[in-house]
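One structure is given here, and the rest of the page talks about it.
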Amino acid sequence: MASARSVSEPAASDQELIERISASDEAAFQILYDRYFPRVYAFVNRRMGNRADVEETVQEVFINVFSALDSFRGEAPFAAWVIGVARRTTASRFKRKRHVMVSLDDSDGGEHGDFSSRLHSDQPTPLDHYECNERIARMQTAASEVLTEEQWRLFALHHLEHHSVRDLARALEKSEDAVKSNLYRARKLLLAR
C-alpha cells in the first residue's frame, strides 16, 4: 500500500498548508493540526494543569487558529503566531468569571430557602472543593519540583499560615528584604508552572 506522500517528497511548508486550507483542503488542515498540536498542548498544559480544561482550551485554540488563518501575514514564523493565539485564548479563559446561577422566580423560598441566603451563601460547592484540592495538589507538585526547601518554607509560612514578612525575618534572622526576595522568587517559579 503506497502512502499519500512518498519518502522522498519533502514535507509541505506551513505557508503551503495555509494556502491549501484556504482552498478547502481538509488533509492540509489535519497536517497543520497534527504538526502544532503537541506544542499547543504543552503550552496550555503548563498554564492550566487540569486535563479537562487543557483539552477544552486546546480545541478552542485550534478553532481560533483556523478561523483567523486568513489574518496570518507571515511577518513572524507561523509557530510564533499559533502560540500567540494559544496565549490569548488561555488568558481569555482565565478572565472569564463563573457566576452563580440563581432562580429569580423562587422568591417565596420554596424548597431551596430564600433568595438572599442562597445568593450570599458562604458554603463552598463540591466544584469549589474539587478545584481547591486540585490547585493544592498542583502547587505541592510544583513546589517539590522547583522550590528549594527554604523557599517552600517561607512560602508556606507567609501565604498559607499568614505570618508577616517582619515576623519571618525576625524568626529566621534575615533581613526583610531577603525574605521578600525569596518570596518573590518562589511566587515567580510557582506562577511559571
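Values quoted throughout were computed directly from the atomic coordinates according to the rules given, and no laboratory measurement underlies them. Please read these numbers as outputs of a predicted model, since none were measured by experiment. Every residue, glycine as well, gets a Cβ built from its backbone with ideal geometry; the counts of neighbours run over all protein chains shown.
So here's what we get for this one:
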| quantity | calculated |
| --- | --- |
| Residue exposure sequence - Val40, Val146 - by fewest surrounding Cβ within 10 Å | Val146, Val40 |
| Length-normalised contact order of segment 139-193 in % [C-alpha pairs under 8 Å, at least 6 apart] | 44 percent |
| Among 154-165, 62-73, the order from most to least packed when residues are scored by Cβ within 10 Å on average | 154-165, 62-73 |
| Ranking of Lys188, Lys174 by count of other Cβ atoms within 10 Å, fewest first | Lys188, Lys174 |
| Ratio of Rg to Rh over segment 139-193 (Cα coordinates, Kirkwood Rh, two decimals) | 0.96 |
| Diffusion coefficient, µm² s⁻¹, Stokes-Einstein with Kirkwood Rh over alpha-carbon pairs of segment 14-95 at 25 °C and 0.890 mPa s | 190 µm²/s |
